[in-house]
Amino acid sequence: MKFYEIFENPKIYDLNAKIFSFNNKKLRYYLPQLINLKENEKMLDVGCGTGRYAIFGENYIGVDPSRSYIDYAKENCQGKFLLMDGANLEFSDNSFDVVINVSIFHHIPDQICHKIINEMVRVLRPGGRAYIADIVYPPKLNVLGNLLFRLDRGDYQRSFKDLADLIYQHQFELISDDIGGTFPYRWAIFSYKK
């Protein structure tokens, strides 16, 4: 068993996230303000994991390829959770007003990121909004941030430039290359309007 396999247990993953994701509270506060989900809007979270960002009420649907994470989210979070691969979403075109993807891309290769982005845009309704947020390498002087990022189990960690180059190919725009208040991490957030 590899060390990182213990994080496949959703309880251990959530505990780790609470201890080492110093910025989680800031991002959980920032996202609802940024997204400004209306009462009648339907939202999809691609790669919802254990449901850490299931904070948008009953119109929230989270999908993830991990059965244990989905089962955990169903027991502990508000919203609907489905076992599904983000690169092959089982929804009709134009199904959602808002689609988000948070902290996933540093775990997957570029070609899968492109598929996920294409699927996010496909299921987005005309006039809908999509958001991608992920951690990127912090400045070199941020020793703690660089250490924690290197210890992350993501195999595809990127610089801001590398992540931006990947996402810009899909006509997303930069919202922030560092939302602030998330030390020691650095978050980049991008948006798209259909």
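What to note about this one:
- Accessible surface for region 102-142, divided over its residues, is 40 Å² per residue with a 1.4 Å probe.
- Distant-in-sequence amide contacts of residue 82, defined by a placed amide H-H separation under 5 Å and a gap of 5 or more residues or a different chain, comprise 62, 63, 64.
- Protection proxy ranking, highest mean first, for peptides 58-68, 126-136: 126-136, 58-68, where packing is the per-residue count of other beta-carbon atoms within 10 Å, averaged.
- Across 38/74; 42/194; 26/74; 42/161; 115/194; 26/194, pairs whose alpha-carbon gap is larger than 21 Å: 38/74; 26/74; 42/161; 26/194
The values are calculated or read from the model by the stated rules, or taken from the named source; none is laboratory data. Every value quoted in this text rests on a predicted model; they were computed, and no experiment measured them. No Cβ is skipped: glycine too gets one built from the backbone with ideal geometry, and neighbour counts run over all protein chains shown. Just the protein is used for accessible areas: all its heavy atoms, side chains included, with ligands, DNA and RNA removed. Shrake-Rupley method; radii C 1.70, N 1.55, O 1.52, S 1.80 Å.
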